[in-house]
Amino acid sequence: MIIKSLIFSLCAIAIMLAFRLVLKTDTYLADVGGLGAFLTVFGTLYGIMAAFVVFEVWSQYNKTVELVNKEALGLERLFTLTLYFRDKDLSTHMKQAIENYANLVVEGKFKTLGAGKRNMETGRVFRKISHIIQGIKFDDDHDQIVFDHIADHFGRLSEVRTERITQSLTRLPALLKTFLYSSSIIALTTFILMPFQNTYYGFFTTGTLTFILAMIFQLVEDLDNPFVGYWNISVEPFQRALKHIEEDY
């Protein structure tokens, strides 16, 4: 990410030098005051918008991470509740169904969600857990109480999974991203055409601004899709749940 930003900075400096030589922008020093006033107003508005977009994608990323952890913990909790039935066959079937689902998620590494699609196979395997719960038979008050807890927990687990998938597929509106990028280009173009009296100071200013804008672009694009890029949501919570189920129970 840093290397790419540096490359963009060097390209912007080269473009600024080309404009300075061809258009002789240094001859328009009298217009610096007007351009400065424009950049002050425009920069304030741009800063507010950029901060809002970065905050939005960061919050979305953190929310997805939270839901992934919550779903993995919910699977482990569902298995422990099943143990209270004191039915070895039921515990074995539930353990197998949960492991099949969690292993499928781990193997897929959210690649389907990263492509903007739902994984229908994991949905099919997840529904097998509900079939096991529906087939539970009991004949005393103890089992009735346990069953009520399991049914309630599975309902909440299903809601968490649905919310996690929905959150994973949510992206920033295209219009908002277009507005951010077009505003950034306008700001950068203004600096490239700015008639700096000191050439090297102009290079430094333009290069620094380009570096920051490139970092913002990559940050927004990366966090907007939490399964592609530098910051990826890991399947580690599901791996931990599988390990706990296998070793602790």
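To keep it simple, each residue is scored yes or no on (1) within 30 Å of His93 (Cβ to Cβ); (2) of a type in the set (Lys, Arg).
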{"site": "Leu193", "(1), (2)": "no, no"}
{"site": "Gln197", "(1), (2)": "no, no"}
{"site": "Thr206", "(1), (2)": "no, no"}
{"site": "Asp224", "(1), (2)": "no, no"}
{"site": "Tyr230", "(1), (2)": "no, no"}
{"site": "Phe238", "(1), (2)": "yes, no"}
{"site": "Lys243", "(1), (2)": "yes, yes"}
{"site": "Glu246", "(1), (2)": "yes, no"}
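Please list, ordered by residue number, the helices (runs of 4 or more DSSP H) wholly in region 172-249 having 3 or more residues that are of a type in the set (Ser, Thr, Tyr), touching a residue at least 12 places away in the same chain (Cβ under 8 Å) and under 21 Å from Ile15 (Cβ atoms). Walk me through how you get there before you give the answer.
Details: elements: 174-192, 199-224, 236-248.
Correct list: 174-192, 199-224.
Among the residues of region 207-249, how many are of a type in the set (S, T, N, Q) and either surrounded by 19 or more Cβ atoms within 10 Å (Cβ to Cβ) or assigned by TED's automatic domain parsing to the domain that holds His93 (or both)? Give the derivation first.
Restricting attention to region 207-249, the residues satisfying the condition of being of a type in the set (S, T, N, Q) are 208, 210, 218, 225, 232, 234, 239.
Keeping just the survivors that are either surrounded by 19 or more Cβ atoms within 10 Å (Cβ to Cβ) or assigned by TED's automatic domain parsing to the domain that holds His93 (or both) gives 210, 225.
Counting residues in region 207-249 that are of a type in the set (S, T, N, Q) and either surrounded by 19 or more Cβ atoms within 10 Å (Cβ to Cβ) or assigned by TED's automatic domain parsing to the domain that holds His93 (or both) gives 2.
Looking at Val32, Val65, Val41, can you tell me which residue is of a type in the set (Val, Ile, Thr), in a helix (DSSP H, G or I), surrounded by 13 or more Cβ atoms within 10 Å (Cβ to Cβ) and at pLDDT below 85?
On the way: Val65 fails: at pLDDT below 85; Val41 fails: surrounded by 13 or more Cβ atoms within 10 Å (Cβ to Cβ).
Being of a type in the set (Val, Ile, Thr), in a helix (DSSP H, G or I), surrounded by 13 or more Cβ atoms within 10 Å (Cβ to Cβ) and at pLDDT below 85 holds for just one of Val32, Val65, Val41, which is Val32.
What single numbered condition from (1) touching a residue at least 60 places away in the same chain (Cβ under 8 Å); (2) exposed (fewer than 14 other Cβ atoms within 10 Å of the Cβ); (3) not in a helix (DSSP H, G or I) fails to hold for Lys137?
(1)
Within the group Thr166, Thr122, which residue is surrounded by 17 or more Cβ atoms within 10 Å (Cβ to Cβ), assigned to a helix (DSSP H, G or I) and modelled with pLDDT of 85 or more? Don't jump to the end; show me each part of the working.
Details: Thr166 fails: surrounded by 17 or more Cβ atoms within 10 Å (Cβ to Cβ).
The conditions single out Thr122.
Taking the condition surrounded by fewer than 16 Cβ atoms within 10 Å (Cβ to Cβ), assigned to a helix (DSSP H, G or I) and in contact (Cβ under 8 Å) with a residue 24 or more places away in the chain, does Met49 pass? Talk me through it step by step, then tell me what you get.
On the way: surrounded by fewer than 16 Cβ atoms within 10 Å (Cβ to Cβ): yes; assigned to a helix (DSSP H, G or I): yes; in contact (Cβ under 8 Å) with a residue 24 or more places away in the chain: yes.
The answer is yes for Met49.
Please go through region 64-105 and give me each residue that is within 27 Å of the chain's Cα centre (by Cα) and polar (S, T, N, Q), ordered by number.
Thr64, Asn69, Asn100, Asn103
Which of the residues spanning region 184-206 are under 14 Å from Met49 (Cβ atoms) and either surrounded by fewer than 16 Cβ atoms within 10 Å (Cβ to Cβ) or touching a Gly at 6+ places or on another chain (Cβ under 9 Å) (or both)? Working first, answer last.
Filtering region 184-206 for residues under 14 Å from Met49 (Cβ atoms) gives 184-187.
Correct list: Ile185, Ile186, Ala187.
The values are calculated or read from the model by the stated rules, or taken from the named source; none is laboratory data. Quick caveat, the model's predicted, so the values are computed rather than measured. Don't worry about glycine lacking a Cβ; one is built from the backbone with ideal geometry, like all the others, and counts go over all protein chains shown.
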